[in-house]
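Working notes, structure below.
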Amino acid sequence: MVTTPGLPAAADPVDAVVVGAGLSGLYQLHRLRRLGLSALVLEAGDDIGGTWYWNRYPGARCDIESLSYSYSFSPELDQEWEWSERYASQPEILRYIHHVADRFGLRGDVALRTRVTRAGYDRDRHLWQLSTDTGRTVTARFVILATGCMSVPKDPGIPGADSFTGAIHHTARWPREHVSFAGKRVAVIGTGCSGVQAVPVIADEAASLTVFQRTPAYVLPAHNRPLEPAETARFKARYPEFRRAQRLSRGGTVFEPPTRSALEAGETERTAAYEAAWGAGFLNGLLRTYTDILTDEKANETVAEFVRAKIRSIVTDPATAELLSPRTYPFATKRPCLGTGYYATYNRPHVTLVDLRTTPIESITPRGIRTSAGEHVLDVIVFATGFDALTGSQLAIDIVGKDGVTLRDRWAQGPRSYLGLVSAGFPNLFSVLGPLSPSVLTNIAVSLEQQVEWITDCIAHLRRNGVTEIDATPDAEAGWGEHVAEVAARTLYPAVDSWYTGANVPGKPRVFLAYAGGLDRYREECDAVARNGYTGFTLSSLA
């Protein structure tokens, strides 16, 4: 297919449009092609890669082990690709994505620099019409939103940014060219996962670094290292078995599940278990020690205090150690961070921590940042202020369903979706890793394959049976929403203001946005729906 700078020339119409050319979108394209459909991927960026294209800030890397955070659909791909580190950096992950696109010949059906601005459903023809910022339109029977869980950066909302005479960068929209911090006075605003990864790297180069923290994070050590060839070879020998275990696991990672409560164990036993998990360097290592870390506040506090004790043992200034110690929310109810040298960075003489709870930012000035305590003179400001998670990328598109209702209006009180896959009134519109699915609570490389495969099998079923429209029923959608909320309510998650609940974005409805029941249970639910003839959906055909 011959491509133009916008859309492939023969783009209108196609059987299916995929929005987004990250890991999800590329795999969805691959599966649709195998089904024999004409498919087109629309991507706003200048290149493929999704999250791993946009997030190229200093220190950016995955917090799931490389050998696990990768596609499992091709045994040949498993064997031929060589990861260099335990936790791959952003450039290496992007090289992997490019390798996959080239190996499976996917680039020809990807239109870059093409942002979808509107999608409207034609109920008479059972077709979607998509408008783009290039002025071209595309029609398709099916649309799959692979727009990413964390792809719409959150506006920092700090007045005066336009007046700053230095440079401003956002971790989620980092320049492609090298950014030098040498000899410069740098500020990082935000201490979520992006900030935690960036701070030690920027500190290595900057003349001074000031970190502005509102809420401290629980940061666990990655113990990242190069992968030895013999180690990789041993792992590849058991890849088929490992991939099967991943698919059947609760979160897309393979481990021996705990069997005891943290409160049943004595302090010495608990400490030994936590020390082993701390030393192992896994994001969820501490959660795997006991059964009730996320369901019992007292059990959770044993882990939280263990981490705080680690911070006190690393950070030499007691006042700074206390500021870095989370005390206002249970461990892991905001996403924990995997870091390298994060806490030790604050022992360096040119690194300063500013507590925004006691001295909030008032404005950005031409010379720097003004807090209630005074002005910080700066050369560079880095926003690491996070994302409008899960719903932001879908609501950024003006999506209009079959009754003229927009998705924004339909989700005004929070997302509504059956299985996290289809919203009632928006037929033939599927979502991968969207709200109310396991997504961000799992290894998304495993979750996305499950959802892409379910969507592809569903489309195949429709085509075999001459069905041109599938829509979720309002009752099934409501029931799923209630189930998601009930499962979350059994945990400590919903009580905490976090991006999991949308509380980081002013005005966003406060709803727990992910399915906390586990990928294994979710897979069973989805498979049962399909096996029983797509219960909870209405299937219809053009007259």
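In table form, for the structure just shown:
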quantity	calculated
Segment 400-523 - Rg and Dmax from Cα coordinates, angstrom	14.9, 47
Estimated FRET transfer efficiency (H178, D497; beta-carbon r; R0 30 Å; 0.05)	0.25
Net charge contributed by nearby residues that have their C-beta within less than 11 Å of A277 (K/R +1, D/E -1)	+1
Three-way shape label, segment 179-294, alpha-carbon gyration tensor, a/c 1.5	oblate
Coordinate range along principal axes, alpha carbons of segment 230-368, Å, largest first	57, 38, 26
Length released on extending from T359 to L542, taking residue separation times 0.36 nm less the Cα-Cα span	59.6 nm
Nonlocal amide H pairs with R56, under 5 Å, H built at 1.01 Å	W174
Full-extension gain in nm, A276 to T215, via 0.36 nm per residue minus C-alpha separation	19.3 nm
Whole-number percent relative contact order across segment 352-423, with pairs defined as alpha carbons under 8 Å at least 6 apart	13 percent
Note, ³J(HN,Hα) from phi for segment 165-173, Karplus 6.51, -1.76, 1.60, rounded to Hz, x at Gly and Pro	8, x, 9, 10, 10, 10, 4, 8, 9
Inter-label distance for E305 and R244, nm, one decimal - labels placed 7 Å from Cα along Cα-to-Cβ	4.4 nm
Part-to-part distance (alpha-carbon centres) for segment 433-504 and segment 293-316, which is given in Å	32 Å
For segment 35-44, Karplus couplings with θ = phi - 60° (6.51, -1.76, 1.60), whole Hz, Gly/Pro x	7, x, 8, 7, 9, 9, 9, 9, 10, 6
Built amide H within the under 5 Å cut-off of M150, gap 5+	L390
Positive minus negative residues near Y71 (Lys, Arg vs Asp, Glu; Cβ under 9 Å)	-2
In segment 199-301, the trypsin sites (Lys or Arg not before Pro) that fall in loop regions by DSSP, at most 12 other Cβ within 10 Å	R238
Those trypsin sites (Lys or Arg not before Pro) in segment 438-543 that DSSP places in a loop and that have at most 14 other beta carbons within 10 Å	R490, R510
Cα-based equivalent ellipsoid of segment 313-459: semi-axis lengths in Å, sorted from largest, via gyration tensor	42, 21, 13
Stokes-Einstein diffusion coefficient of segment 303-383, Kirkwood radius over Cα pairs, 37 °C, 0.692 mPa s, in µm²/s	225 µm²/s
For the chain, Kirkwood radius (reciprocal of mean inverse C-alpha pair distance, Å)	24.5 Å
Extension gain (nm, one decimal) between D122 and H98, 0.36 nm per residue minus Cα-Cα	5.1 nm
Förster-model FRET efficiency, 41 Å R0, E525 and R225, C-beta, rounded to 0.05	0.60
Segment 15-118 shape via C-alpha gyration tensor axes, a/c threshold 1.5	oblate
Segment 378-400 and segment 251-275: distance between their alpha carbon centers, rounded to Å	36 Å
For segment 434-481, projected area of the alpha-carbon convex hull averaged over all directions, nm²	4.0 nm²
Length-normalised contact order for the chain - Cα pairs under 8 Å, 6+ apart - percent	19 percent
Exposure rank, largest accessible area first [R95, R348; 1.4 Å]	R95, R348
Relative contact order (%) - segment 299-411, alpha-carbon pairs under 8 angstrom, separation at least six	13 percent
Mean residue ellipticity (222 nm) of the chain, computed from DSSP H runs ≥ 4 via -39,500 (n - 2.57), nearest 500	-9000 deg cm²/dmol
Accessible-area composition of segment 319-396, carbon plus sulfur, in percent [1.4 Å probe]	54 percent
Segment 123-262: Rg to Rh, with Rh as the Kirkwood radius over Cα pairs	1.08
³J(HN,Hα), Karplus 6.51/-1.76/1.60, whole Hz, each residue of segment 265-274, x for Gly, Pro	8, x, 4, 5, 5, 4, 4, 5, 5, 5
Two-site FRET efficiency, A412 against D204, from Cβ-Cβ distance with R₀ of 45 Å, rounded to 0.05	0.50
Residues with amide H under 5 Å from that of E362, placed H, sequence gap 5 or more	R370, T371, S372
Global form of segment 166-238, assessed from the alpha-carbon gyration tensor, a/c cut-off 1.5	prolate
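The values are calculated or read from the model by the stated rules, or taken from the named source; none is laboratory data. Keep in mind that this is a model prediction, so the values were computed, not measured. Ideal geometry is used to build each Cβ from the backbone, glycine not excepted, and the neighbour counts take in all protein chains shown. With ligands, DNA and RNA removed, areas are computed over all heavy atoms of the protein, side chains included. Shrake-Rupley method; radii C 1.70, N 1.55, O 1.52, S 1.80 Å.
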